[in-house]
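Working notes, structure below.
The values are calculated or read from the model by the stated rules, or taken from the named source; none is laboratory data. Note that the coordinates shown come from a computational prediction; the quantities given were computed from them, not determined experimentally. For neighbour counting, all protein chains shown are included, and Cβ atoms are generated from backbone atoms with ideal geometry for every residue, glycine included.
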């Protein structure tokens, strides 16, 4: 009777030990799976973040090269769009609605983000490996800091130059939960146009893509060559 009891106890202890070992192994395996998943997710996040930053910085450099080119009026649709729409000569305050300047202190009206920001969304890249799923360009402009709003308005209405206005270009990219953006700032310089440049300016105002609001090209417009000077990156 005693020998039988000892054997049964040994079998019970062996089974308990087996269960404990299996439990430890299962926990260990699940721990490895969890660690592997976290490493994979972290790698994907880092890869997405890198792709976003590379795409944004690449587009930032391309836009800078395009609009600061001395021959941009003849080569760049974006430059022509800016030339025919920014600080357009208003006939009344309400005419700023085409593209009003942004005032960070405005709580309502024409000069808030909702009215002053222009968004250009590039086609989705979700099917292209290595590129962000969505890339967006946002642009807005501000009047020169040293000029009062009323003074600036009267100057433009009377055919004056918009020199000194600031163009802000915000470029962002998003892939899943990863987001990256940068903001480039340009200052407008103005000089007299050469005769061949006056022709290009007139053509830009006649271009429905560059001038969708059908703004009129005044003599003062043709006489001004706009030069965008890169100022800073945020």
Of all residues in region 105-144 being out of contact with any helix residue (DSSP H, G or I) (no Cβ under 9 Å at 6 or more places or on another chain), modelled with pLDDT of 85 or more and assigned to a loop (DSSP other than H, G, I, E, B), the one that is nearest to residue 217 (Cα to Cα): 117
Say we look at region 174-194 and pick out the residues that are over 16 Å from residue 143 (Cα atoms) and exposed (fewer than 14 other Cβ atoms within 10 Å of the Cβ); which of these is farthest from the chain's Cα centre (by Cα)? 194
Could you check how many residues of region 59-77 are within 15 Å of residue 170 (Cα to Cα) and surrounded by fewer than 17 Cβ atoms within 10 Å (Cβ to Cβ)? 3
Residues that are more than 30 Å from residue 156 (Cα to Cα), at pLDDT 75 or above and in contact with a helix residue (DSSP H, G or I) (Cβ under 9 Å, 6 or more places away or on another chain): find the helices (runs of 4 or more DSSP H) completely inside region 1-104 holding 3 or more of those. none
